[in-house]
Every structure is written in structure tokens, then in C-alpha cells.
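Below you'll find the structure, written out as C-alpha cells, and then a few comments.
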Amino acid sequence: MTRRIRPATAAVLAALLMIGPVAGTTADDSEDIIKYRQKAMSSQGAHVSAMSQIVRGKVSYTDHMKAHAVGVAGVAAHVKSMFPEGSDFGVTDAKMAVWENWAGFEKAADESREAADALVVAVDSGDEAAIGEAFKTLSQSCKGCHEDFKEEDD
Ligand code: HEC
């Protein structure tokens, strides 16, 4: 009896064959990029919420501030690359304005990155007032970009 590869199996094999050598050389799918940036942005949201509890004195983990601030600063440095041309369709809350007003988007991303870097410096200084101010500036930078470039639902 001859065994034939069923079409579904053939498709799976073809997909498997494509994984190794091709990965990294093809352009990422828009849907995957959107999913990735939403996860990365969620991590920013989680760090900022956690820091907010510390800054407001709800918890005493002041020694955790640095880890959160560094995490936000690290991701903030990559925000622009998470919105490549063509990643504007799919299930995304990014407004078309991101690509229509790329200069404005870049400015917002740069400001947020600078605010995150400044927070790291403030945390290192240990000056509570400076930390509070820097945290506020960072939060405003997130909100500022969302107002112009993200559909409302946050
Ligand atoms: C330069 C613009 C910009 C900056 C700066 C920015 N965001 Fe965003 N953010 C966006 C856009 C656009 C989306 C929508 C992404 C999508 O749905 O594809 C988003 C989405 C989000 C989401 C929702 C993620 C999800 O699961 O859908 C959260 C949470 C978030 N951002 C938090 C933050 C925080 C916190 C900061 C500041 C530390 C920040 N963002 C800075 C533009 C920005």
C-alpha cells in the first residue's frame, strides 16, 4: 500500500521546513508586530503602575524603583522601531496618525525616552522629590503620545 502525504501534513512539513533557515530573513508579519508591540507596551504599563504604587507610598519597595525605571527606559528606546510602515492594519489601536505624522510620533517617542532616562538618573540620586517629578513627567509623556497616536481605551 502506498502511503501518501495528505495535503494537511504536507502543509505542516512545509511550514516546519521554513522555520529554521528562513526565520529572520523575511519581513515580520504585521499581525505579529502588532501583537509584539502591544505586549511590549503592556510591560511599560505594568512597570509604570507598579512604580506609581511606590511613588505614592502605597508600598515601601523603594529599592525596586530602579528595576522598573530601567525596564521602561530600555523599551522606550525601541518604540519607534515597533511601528514600521505597513503595520497599520490588523487589530491595532495605533491611529493612522502614527505614519501620517511620523515626525510628530518620533518626537513623542524621543520625549518619552528622555523622560525615562531622566527617571533612572533621579532614582540613582535618591532624591524623593526629583523622583516624584521625573515619574510625573514620564507618565505625561506616555499619555501625550497616546492622546495623539492611540485609539482611546486605556
Ligand atoms: C510615541 C508614542 C507612544 C509612547 C511614548 C508610549 N506609547 Fe503606549 N502605545 C502607543 C500606541 C500607538 C499604542 C497602540 C499599539 C497598538 O495597538 O498597535 C500603545 C499601546 C499601549 C498600551 C496598550 C497595550 C495593549 O495591550 O494593547 C499600554 C498599556 C501602553 N501603550 C502603555 C504605555 C506607557 C506606560 C508608556 C510610557 C512609559 C507608553 N505607552 C508610551 C504609543 C505610545
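Within region 54-145, which chymotrypsin sites (Phe, Trp or Tyr not before Pro) sit in a loop by DSSP and count at most 14 neighbouring Cβ atoms inside 10 Å? Sparse-neighbourhood loop chymotrypsin sites (Phe, Trp or Tyr not before Pro): Tyr61, Phe89. Ligands, DNA and RNA are left out, and with a 1.4 angstrom probe the accessible area of region 29-149 is 58 Å² per residue.
Among the trypsin sites (Lys or Arg not before Pro) in region 26-127, those placed in a DSSP loop whose Cβ has at most 12 other Cβ atoms within 10 Å are Arg56, Lys58. For region 29-149, the relative contact order is 29 percent, taking Cα pairs closer than 8 Å that sit 6 or more residues apart in sequence and dividing their mean separation by the residue count. Taking the charge dipole of region 30-123 about its Cα centre, with +1 at Lys and Arg Cβ atoms and -1 at Asp and Glu Cβ atoms, the residue from Gly86, Ser30, Val70 reaching farthest to the positive side is Val70. Residue order by solvent-accessible surface for Val121, Val70 is Val121, Val70, largest first, with ligands and nucleic acids left out and a 1.4 Å probe. Write out the GluC sites (Glu not before Pro) in region 58-134 meeting two conditions: DSSP loop, and at most 12 other Cβ atoms within 10 Å of their Cβ. Sites meeting the loop and neighbour criteria: Glu85.
The values are calculated or read from the model by the stated rules, or taken from the named source; none is laboratory data. It should be emphasised that the depicted structure is a prediction, and the values quoted were computed from it without experimental measurement. Note that each Cβ is placed from the backbone with ideal geometry, even for glycine, and that neighbours are counted across all protein chains shown. Heavy atoms of the whole protein, side chains included, go into the accessibility calculation; ligands, DNA and RNA do not. Shrake-Rupley method; radii C 1.70, N 1.55, O 1.52, S 1.80 Å.
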